[in-house]
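Laboratory data are not the source of any read-out in this text; all were calculated from the coordinates shown. Just so we're clear, the structure is a prediction, and the values are computed from it rather than from any experiment. A quick note on method: Cβ atoms are made from the backbone with ideal geometry, for glycine too, and the neighbour counts reach across all protein chains shown.
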Amino acid sequence: MIPVGAIIWLILTAVAVFVVAAGLFPDADGRAAEARLGIHGVESREVSPIVEALYPLISLFVPIMKNIGVPKYRASVEQRFTTAGMTGKMSPDEFLAYKVVCVGLFWGLFIGVLCHLITGWQPATIVQVIVCVLGFQFPDAWLDGAVRERQDEIRRALPYTMDLLCLSVEAGLDFIAGIAKVCEKARASALVDELAFFLQEIQVGASRQQALRNLSQRCSMPEMSSFSALLIQADILGASVGPVLRAQADLVRTRRFQRAERLGAYATQKLLFPLILCIMPAVFVVIFGPILLNLIYGSGVIGG
């Protein structure tokens, strides 16, 4: 007879594998359908399917997390969710509860299933502590990855969008009408979503300068901060926006090329380690192996 505990662990493992697979392979068809229908918005991006699957368990720990006083970390979590395009999708208390759940999930899957049931290995205490730390840091790594992904999307779309905005302004439209035209004509992207939200703030009564500051704060990117600061300065001084946008577009495009060159240089350095550790030993074996065999066993051994 199979023990009941083993059956429970196997069921939990199957559920965990399904949840992880759902997170690794998102619904591409659904995203494509939304793109065709034009369903886009700043808050339209959903959280990971892993979080949605674990939400009933997360909600159990939310009342406990409300008693933890970490205001700076809570503000950081809210800012990162905003930058990732998931405003209001998860509160700081729910995020802290998610970290606690991940600690138990990592410990149960690695220590309980992989070690005890499958391999029979009894890990040391330090190994269990490391597994729990990895589980505690996993939500932060997931959120930071979502932030970087959206910032990269904005960075890629920024030069083209700024060129289109510059053409609209130089054609006779004012700045707000130019942004509205860009949101109408440009390809759907995270930057267009942010500009659309900028227009909504203007429509509900926010000043142009405050809306630009909010745009910079939501994106948390040097490029958007520079873009907003230049437009605020041009608005204060009454200068023409067209030349400012064109110069900023050229600067963003130059920085993008420089960043690509820098990443290419980093890639050559990263290739050095697998080259030394994996390829070079094999080359040495092929080249110097016959020579060493001849030295050890005498000449004429190699080749009969």
Would you mind computing, in nm to one decimal, how far apart the modelled labels at Val129 and Ile276 are, each placed 7 Å from Cα along Cα→Cβ? 3.1 nm
Suppose each label sits 7 Å from its Cα in the direction of the beta carbon; what would the Gln79-Asp140 distance come out to in nanometres? 1.5 nm
Would you mind ranking Glu184, Glu94, Glu149, Glu170 by Cβ crowding within 10 Å, fewest neighbours first? Glu184, Glu149, Glu170, Glu94
Mind scanning Lys66/Lys99; Lys72/Lys99; Lys89/Lys185 and naming the pairs with a C-alpha gap bigger than 25 Å? Lys89/Lys185
How high is the FRET efficiency between Ala188 and Ala260 when r is their beta carbon distance and R₀ equals 25 Å, given to the nearest 0.05? 0.60
For the range 237-250, in residue order, the Karplus 3J(HN,Hα) values (coefficients 6.51, -1.76, 1.60; θ = phi - 60°; whole Hz; Gly and Pro = x) are 7, x, 7, 6, 7, x, x, 5, 5, 5, 5, 5, 5, 5
Size of charge dipole - the range 106-161 - debye, nearest 20, with Cβ of Lys, Arg +1 and Asp, Glu -1, no other charges: 80 debye
Quick one: if you stick a label point 7 Å off each Cα along the C-beta vector at Leu57 and Asp235, how many nm between them? 4.7 nm
Roughly how many Å is it from the Cα centre of the range 159-192 to that of the range 265-284, as a whole number? 46 Å
Just subtract the alpha-carbon distance of Gln122 and Lys66 from 0.36 nm times their residue separation and send over the number in nm, one decimal. 16.6 nm
Sparse-neighbourhood loop sites, trypsin sites (Lys or Arg not before Pro) in the range 185-249 - DSSP loop, at most 13 other Cβ within 10 angstrom: Arg187
